[in-house]
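Visitor: Pasting a structure below so you can have a look.
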Amino acid sequence: MMNGENRKAYLALAVVCTVWGTTYLGMRIGVQTFPPLLFSGIRHTSAALVLFLFLKGTGRFSAFSGSELLRQVIPGVLMVGLGNGLIGWSGRYIPSGLAALITSVMPLYVVGINFVSGIDRKMPHPLVLLGLSLGCGGVLLIFKDNLQDLGNPDYVAGVLVVFLGGLSWAAGSVFAKQRPTPGNALSNATIQLGSGGLTLLLASPFFDNMNELRTISAESIYALLYLIAFGSLLAFACYLYALEKLPVGLVSVYAYINPFIALGLGAVVLDEKITMMTALALLGTLGGVYFINRGYTVSKNKST
C-alpha cells in the first residue's frame, strides 16, 4: 500500500512528466530570437536566485559543507548546464517534438551508466528491458519520417547535441542519486540550478551571437518567464524530490511521457507534422512507460 511519502513522490513525478513536456515548445520559441546559451543561463540562474531568497527568508536553506556543495554542483553542471543547455540550443535546428523523442532514450543511458560504473551490475528485470527496447524503437521510427533532413548539417548537429544532452542529464541523475546530501530538495535544486545556469552564462560569450540581443521578440521573453516559473522553479524541485524517493530508472520514465505533450503542442502551436510513423513511435514509447514501471514494481516487490 502506498504511504503518504510515496504519494508525494509520485505526484512530484507527475508534475515533471507534464510540465517538462511543455518546456520543449518554450525553449524552441525562446531561442529563435534569443542567444540559446544565454537564454538557458538566465532561465536557471533566475530560478536559483528566487529559490535562494525564498529559502533564506523562511529559514529553510540547508547548510552545505564544501564536499556536500561539490556533490550538488557536479549534477547541476551535468543536468542543467550540459543537459538542458544543449537541448535548448538544439531548438534552433530541430522540431521540439523530435528533441523530446530523442531525449526519451535517457532511461537506457541510466541503465548503461549504472552497469558500466559498477553501481548495478545485475541484469534488469525482463520487463524493464522490454520497456527500454520499445522506447528506443519508438525513437528509431520517428527518424524514418526525417531521412531527407539528415543531409542538412544543422539538423544533424541538433540531433547529435540532443543525444549528448540526454547522456549528460542521465549521468547527472545517477550521480545525484548515488551521492546524496543532507540538504532538502529545494536547497539542492537551488545549488544545481545556480551552478548549471552560471556554467551556461560563462559559456555564452564564446558560443552565442550577442548581436541577436538587439532583435529579441516578445514571444521569447514570455517563453523565458514561463520556463523560469514552471520549467525550473516548479518542475526541477519536483524532479529532485522524486529522484530522492523513487528508483532513478523509474523517475527517468518522464522522458517517455514528455514526447506526447511536446509533439501535441508542437503540432498545434508550431504546425510541426504528426504522421502515422509518429503515431507508431508514440505507441512504442507508451509501451515503454508501462513495462518499465511494471518491471521496477515487480523487482521492488521481490526484494521486500
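The values are calculated or read from the model by the stated rules, or taken from the named source; none is laboratory data. Worth saying up front: this structure is predicted, and the values here are computed from it rather than measured. Glycine gets a Cβ as well: all are built from the backbone with ideal geometry, and neighbour counts include every protein chain shown.
Visitor: Of the conditions (1) of a type outside the set (A, V, I, L, M); (2) at pLDDT 90 or above; (3) over 13 Å from the mean Cα position of the chain (by Cα), Tyr24 clears all except one; give me its number.
Guide: Failed condition: (3).
Visitor: Suppose we filter Ala170, Ala176, Ala157 for residues that are among the hydrophobic types (A, V, I, L, M, F, W, C) and over 30 Å from Lys273 (Cβ atoms); which single one remains?
Guide: Selected residue: Ala176, the only one of Ala170, Ala176, Ala157 that is among the hydrophobic types (A, V, I, L, M, F, W, C) and over 30 Å from Lys273 (Cβ atoms).
Visitor: Out of curiosity, is Gly194 among the small types (Gly, Ala, Ser), in a loop (DSSP other than H, G, I, E, B), in contact (Cβ under 8 Å) with a residue 12 or more places away in the chain and surrounded by fewer than 23 Cβ atoms within 10 Å (Cβ to Cβ)?
Guide: no
Visitor: Given the condition of a type in the set (Ser, Thr, Tyr), buried (at least 16 other Cβ atoms within 10 Å of the Cβ) and assigned to a helix (DSSP H, G or I), answer yes or no: does some residue in the stretch 117-138 qualify?
Guide: Within the stretch 117-138, none of the residues are of a type in the set (Ser, Thr, Tyr), buried (at least 16 other Cβ atoms within 10 Å of the Cβ) and assigned to a helix (DSSP H, G or I).
Visitor: Something else about it: If Pro107 satisfies every condition in (1) under 23 Å from Glu219 (Cα atoms); (2) assigned to a helix (DSSP H, G or I) but one, which is the exception?
Guide: If we test Pro107 against (1) under 23 Å from Glu219 (Cα atoms); (2) assigned to a helix (DSSP H, G or I), just (1) comes out false.
Visitor: Oh, and also: Of the residues that sit in the stretch 74-93 and are within 17 Å of Tyr241 (Cα to Cα) and not small (Gly, Ala, Ser), which one is farthest from the chain's Cα centre (by Cα)?
Guide: Ranking the qualifying residues of the stretch 74-93, first place goes to Pro75.
Visitor: Separate question: Kindly indicate the residue of the stretch 234-261 that is more than 14 Å from the chain's Cα centre (by Cα) and aromatic (Phe, Trp, Tyr) and also nearest to Leu132 (Cα to Cα) among those meeting that condition.
Guide: So the residue we want is Phe260.
Visitor: Identify, by number, the condition in (1) buried (at least 17 other Cβ atoms within 10 Å of the Cβ); (2) farther than 29 Å from Val77 by Cβ that Ile274 doesn't meet.
Guide: Failing condition for Ile274: (1).
Visitor: Quick check on the stretch 163-179. Is at least one of its residues surrounded by fewer than 23 Cβ atoms within 10 Å (Cβ to Cβ), outside any helix (DSSP H, G or I), touching a helix residue (DSSP H, G or I) at 6+ places or on another chain (Cβ under 7 Å) and at pLDDT below 90?
Guide: Among the residues of the stretch 163-179, at least one is surrounded by fewer than 23 Cβ atoms within 10 Å (Cβ to Cβ), outside any helix (DSSP H, G or I), touching a helix residue (DSSP H, G or I) at 6+ places or on another chain (Cβ under 7 Å) and at pLDDT below 90, which makes the answer yes.
Visitor: Still on this structure, I have one more. Report yes if Pro182 is touching a residue at least 60 places away in the same chain (Cβ under 8 Å) and surrounded by fewer than 16 Cβ atoms within 10 Å (Cβ to Cβ), otherwise no.
Guide: Yes: the conditions hold for Pro182.
Visitor: Moving to a separate point now. Let me spell it out: the conditions are (1) buried (at least 24 other Cβ atoms within 10 Å of the Cβ); (2) more than 20 Å from Pro259 (Cβ to Cβ), and Gly151 meets all of them except one. Which number is the exception?
Guide: Unmet for Gly151, out of (1) buried (at least 24 other Cβ atoms within 10 Å of the Cβ); (2) more than 20 Å from Pro259 (Cβ to Cβ): (1).
Visitor: Here are the criteria: (1) β-branched (Val, Ile, Thr); (2) at pLDDT 75 or above; (3) more than 30 Å from Leu202 (Cα to Cα). Tell me which single one Val139 does not satisfy.
Guide: All conditions are met except number (2).
Visitor: How about the stretch 197-219: which of its residues are buried (at least 16 other Cβ atoms within 10 Å of the Cβ), part of a helix (DSSP H, G or I) and at pLDDT below 95?
Guide: Correct list: Glu212 only.
Visitor: When you look at Ala48, is it within 24 Å of Leu225 (Cβ to Cβ), small (Gly, Ala, Ser), in contact (Cβ under 8 Å) with a residue 60 or more places away in the chain and out of contact with any Leu (no Cβ under 9 Å at 6 or more places or on another chain), yes or no?
Guide: So Ala48 fails the test.
Visitor: Can Thr278 be described as out of contact with any Ser or Thr (no Cβ under 8 Å at 6 or more places or on another chain) and modelled with pLDDT under 80?
Guide: yes
Visitor: Go through the stretch 244-283 and report how many residues are of a type outside the set (S, T, N, Q) and part of a loop (DSSP other than H, G, I, E, B).
Guide: Final tally of qualifying residues: 7.
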